[in-house]
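Nothing in this text is a laboratory measurement; each read-out follows from the coordinates by a stated rule. Predicted, not measured: the structure shown is a model, and the values here were computed from it. Every residue, glycine among them, receives a Cβ derived from its backbone with ideal geometry; neighbour counts consider all protein chains shown.
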Amino acid sequence: MDSISKHESHTGKPAKAWRKNNAKNHHETSHKPGTANNAEEEDMTLLKYLALNALELGSPASGLPLKFSSNETSGWLQLSGHPDSFAIAGPGTIWKKTTLEDGEIRVYEALQQQKNDPAYCIVPKFYRKVEFKSELFIELEDLLSDFNDPFVMDIKMGTRTFLESEVSRTNARPDLYQKMVRVDSNAPTQEEHKAQAVTKLRYMRFREQQSSTSTLGFRIEAMKMKGCEPVRDLQKVCSQRDVQAVLSLFLQGKEQNKQSLLKRLKKIRTAFEESNFFKYNEVVGSSLLLVRENAKVGAWLIDFAKARSSDIPLDHRSPWCDGNHEEGFLFGLDTLIETVDQCDLKVLQTSRLEKIVRSLPWK
């Protein structure tokens, strides 16, 4: 099977839990390039960033766990998220910690009850709510149970990754100013420097401008290559060329892998566009989980903690303004599809990028 579409292959794993060497215990399944010098310099800029991340993995940002253990048989290592947020439920399923206030339960329960909605087939299968030791979990498909040692990528979707309620207050805050200048001392305006304070909205937009979120409508959060430990905090991979380089690593420069991924991404786009459920729901902070092992490629929409219902229809492509609930999910998916489609695999195959990345001291 060259590509996997969630329920077609029933390989489920939602919020992204991934089995490292003991998968068999669970399932026996297995832009124009510049001059050579400029291209090499650009490759080395990305490589330097990847190397720093390989040596010093920072605090993760979303919810993608990869099964890992020092003894190769148990334990969890998050590609992004909180270490205690996931647990193995049984063959083919995981538990994800949640709360009644999260949007996750509402989204999964709604789609479970609307199996005719096209979006039902692009998200992990939801089984039930579980209360265990006074904590609430949801049981979901383990999307990685049919993989052994795959390439995994977490892509945060949309041009807005914060809730409107998070930026409702207009008071300027000194702590956010300090956070901003630590990243870029030239970022604040003269007025902001004078006040030594910025609003939450100003800071959140600034933060999104540090990644490809504001330009491409998506950003690569983290990636794990076959046989390597995950690299997190890839949000600063901003340029389309660097994004294509990382995607090429995921695809291993193979046209068959590229076409399989494009087919799946286009299917997700069509299902999302035709979904009546998502027509009236914003999906802030949601991700696409990409998984590939050899020629087997899968992609799913995950992470709905910030999903909120809307009383007005959304097109998911219009620019956001306060109150319109647009988050740019489809704008980002359009751009992602275009970016993958424009990957010049032959050019990237001949670059030194993959060779050097593979020589990094991955932890």
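Sorting 320, 95, 300 from the fewest to the most surrounding beta carbons within 10 angstrom yields 320, 95, 300. Annotation: the residues 139, 109, sorted from fewest to most other C-beta atoms within 10 Å of their own C-beta, follow the order 109, 139.
The label point for residue 130 and the one for residue 100, both projected 7 Å from the Cα toward the Cβ, are 2.1 nm apart. Remark: spin-label model distance residue 191-residue 263 equals 5.4 nm, labels positioned 7 Å along the Cα→Cβ axis. Given R₀ = 35 Å, FRET efficiency for residue 344-residue 322 by Cβ-Cβ distance, to 0.05? That pair, residue 344 with residue 322, gives E of 0.30.
Charges were assigned to the Cβ only: +1 to each Lys and Arg, -1 to each Asp and Glu. The resulting dipole of the range 118-189 about its Cα centre is roughly 440 debye. The ranking of 182, 292 from fewest to most other beta carbons within 10 Å of each one's beta carbon is 182, 292. Rounded to the nearest 20 debye, the dipole size of the range 168-211 about its Cα centre is 160 debye, using +1 on the Cβ of Lys and Arg and -1 on the Cβ of Asp and Glu. Report the FRET efficiency, 1/(1 + (r/R0)^6), for residue 166 and residue 270, where r is their Cβ-Cβ distance and R0 is 25 Å, rounded to 0.05. Once rounded, the FRET efficiency stands at 0.20. Label zone (residue 88, point 7 Å along Cα-to-C-beta; backbone nitrogen cut-off 20 Å) within the range 134-158: 137-152.
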